Each structure stands twice: as structure tokens, then as C-alpha cells.
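In what follows, a single structure is set out as C-alpha cells and then discussed.
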Amino acid sequence: MNTPRVEVDLGKILHNTQCLVQRLASCGISLTGVTKAVCGNPAIAQAMLKGGAIGLAESRISHVHRLRQAGIACPISMIRTPLMSQLDQVVQACDTSYNTERSVIVGLSAAAVRAKLIHNVILMVEMGDMREGILPQDVAQMALDIANLQGVSLTGIGANFACLRSTAPSTSDMANFLILIDQVESTSELNFDTISGGNSASLPWTKTQTSPTRINNLRVGEAILVGSDPVSGDQINGLYTDAFTLIAEVIETKTKQLQAPESRSILALGYQDTNLLGVALPVDILFAGATSDHTVITTRESLPVGTELRLNMNYSALMRSMAAPDIQTRTYYESIGTIDNSYKEKNHYGKIRATE
Ligand SMILES: *Cc1c(COP(=O)(O)O)cnc(C)c1O
């Protein structure tokens, strides 16, 4: 089989989704599966849907087209504010988009009228992450301005946390978001169906909730795909962290001497393929360095040329490798084994040695 390749155990994606869907249901929260890191891979998307995701979310129209061409008919949301140059495509391929710019929503309205469709709009509010979002004090006016536009239906309000600044939303951040929803609804006399309270980084907050709040949706990618908390990097209890494996092939092995003789191998893998700092190696293998197409490792036992190494990836490495043109993806369902809680002890994320 070709290398490098990514193997995806869909059973683990299914399990992770089911697990999170169940946990969130107890707080009255639905889960939207985010497939952007896997470029809208249809098999992975299907596993999320099978696991109970109520719909999918994407950030690029090309990924949405890939999902639709595979016959996926579920609701798809565009979670990055639509590009002015793609509004017709967004209206045709997505049921909903998250928005922060009035001019874009006006454009969506016109595109929806042309397509004879109703497009759902969710307003994204800036709650401190300082990436996208309407300023809190401007939300009610924006809602009123667009409420009567033809072709669009204002269905919800969303917030995003821990994307640009890596701090998880605190209880008071979430409380402020809920207060804002109340204020916007009373000022505008509008009512919102969907209150989307963030991404994987909002999962810890849900554990502090004993009864449902107005927040009734989260958009989750990372936790499903790699089973870890985006802020701490820790494994989420009960989730698989190894649904994805990167397989790389040894193309040279020689004993070379820098200080002492050591067995050095080259993998046909480089920065063009992935973020090597997010690739975990077995503990007895060390990174010596990497370039665009080569990764040099030192090993205790010398590895024959042609050996395939199976490597774990964090979210950053996963995202890059799934988008790399030379890496194929192989998906499969297998009866899944027990969850490995000790992968961190068995693997380590390599630091490229600064000296080489
Ligand atoms: C990427 C993204 C998500 C999903 O984030 P994860 O950390 O993968 O759960 C949710 N919402 C928005 C707006 C995003 O850009």
C-alpha cells in the first residue's frame, strides 16, 4: 500500500461521537460535527452522523462540495463567515452560515432569493477570543437590521472560544454569553432557536452544568477526531486518541556518527506532509530533524529500508496530513479494542534538535 498514508478507524470516530452526544444530551445540548480538519472526508462525516451528530459544519466551500457530492444530505453549516465571492455556492450547498458582516448577510439574502431558497443565518458574537464576532453591543441592532431581509432566516446566535487565544471559556464567560442572549432577545423582541456555545474547548464547561441552559448546541471537531482537549492537550476521559494513524516508510538506514555512532533512518515524510512537531514517535525513537521531504530519526534497533512506522498525530499534524496531496487516506471499520489511556507514556511528541 502507498505511503505516507493516514489510516482512519471509523469505529473510534463513531464511539467518540456517541460518547460526546450522550454526555451533551444530559445538558440539553446537541452536537454538530466539524469536518474541516479532515477536509470534509465523507466516510468520517458519516461516522459522526451515525454517532448522533445533528449535522455537519465546515469552514471551506470546497469541503462542503465534497460532502454533497458523496450524497450527504444532512444540514451543513458554514462556520467561517462566507466569502463575498462564494455567496451563491454557500446558499446552494449549506443550510446555515455563521455571520459577522452585514454586507455578507445582505449578499446571502440576494443569493437566496435568486436560488429561491431560505438560508439560515446565525450571528457570531465576539466573546473575548478576538477572532471572529460581532461586538456584543452591536448584536441587537444587527439582528433587527437583518430580521426582515428576504431569503434569510435569523435562527441563532453563536460564540467561539479558545481559537486565537488558547484559554477555555470560564463559567463567567458562558454566563456573560447567556446574559447577552437575554438582552438581545428582549431588545430586539426576536427569539432564537439555536444558541451555539462554542467548540471542543467548551466541553469542560458543560461538565459544570447540572441543568440545561439556553445553550443548546456545540460545534465539535477536535474532541471527536483526536479525543483530546484543545486547551490542555489532555485525553478526554472515555475517548479514543488514536482513531488516526500516520504511516511513514523508511527509505535510508545507516550508522552515522555525530558524537557517538547511532542508527539513523530517513522517513519519506516532511514538512510538506504534516506538522512534524505534532507527530508522536514510539519512546525509543527520537527525531533528529526534518526538511520538506525528509524526516531523520535515530533508533535503538536499526530499521530495515521499507519498514513502515505507525505514528500518532495531534490535531495540528492531523489537519496538515489530511490536506497534503501526497497522503492518501484509508478508512475502515474494525471491531474496536479497549481505550488506551497510556498512549502518552508510550509515545512522545518529538522536538527537532536545534543543533542540526
Ligand atoms: C474549527 C471551529 C470549530 C470546531 O473546533 P474544534 O476545536 O475542532 O472542536 C467550531 N466553531 C468554529 C467557528 C470553528 O472555526
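The values are calculated or read from the model by the stated rules, or taken from the named source; none is laboratory data. For clarity, every value in this text was computed on a predicted model and none was experimentally measured. Cβ coordinates were reconstructed from backbone atoms using ideal geometry, including for glycine residues, and neighbour counts include every protein chain displayed. Remember, those area values only see protein heavy atoms, side chains included, never the ligands or the DNA or RNA. Shrake-Rupley method; radii C 1.70, N 1.55, O 1.52, S 1.80 Å.
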- Within the range 206-250, work out how many residues are more than 19 Å from the chain's Cα centre (by Cα) and within 30 Å of L267 (Cβ to Cβ). 4
- Has the range 118-129 got at least one residue that is among the polar types (S, T, N, Q), within 26 Å of F177 (Cβ to Cβ) and within 13 Å of the ligand (Cβ to nearest atom)? no
- In the range 97-104, is there at least one residue being hydroxyl-bearing (S, T, Y), touching a residue at least 60 places away in the same chain (Cβ under 8 Å) and crowded, with 18+ Cβ neighbours inside 10 Å? yes
- Task: Report whether or not I251 is surrounded by 18 or more Cβ atoms within 10 Å (Cβ to Cβ) and over 16 Å from M313 (Cα atoms).
- Result: no
- Given (1) loosely packed, with under 14 Cβ neighbours inside 10 Å; (2) of a type in the set (D, E, K, R); (3) in contact (Cβ under 8 Å) with a residue 12 or more places away in the chain; (4) within 16 Å of the ligand (Cβ to nearest atom), index of the condition D229 fails: (1)
- Message: Among the residues that make up the range 21-42, is at least one of them buried (at least 18 other Cβ atoms within 10 Å of the Cβ) and farther than 26 Å from D229 by Cα?
- Response: no
- Subset of the range 232-248 (residues that are open to solvent by 10 Å² or more (accessible area, probe 1.4 Å) and either more than 16 Å from the ligand (Cβ to nearest atom) or in a strand (DSSP E or B) (or both)): Q235, N237, G238, D242, T245
- Given the residues R66, R23, which is the only one that is within 16 Å of the ligand (Cβ to nearest atom), outside any strand (DSSP E or B) and of a type in the set (D, E, K, R)? R23
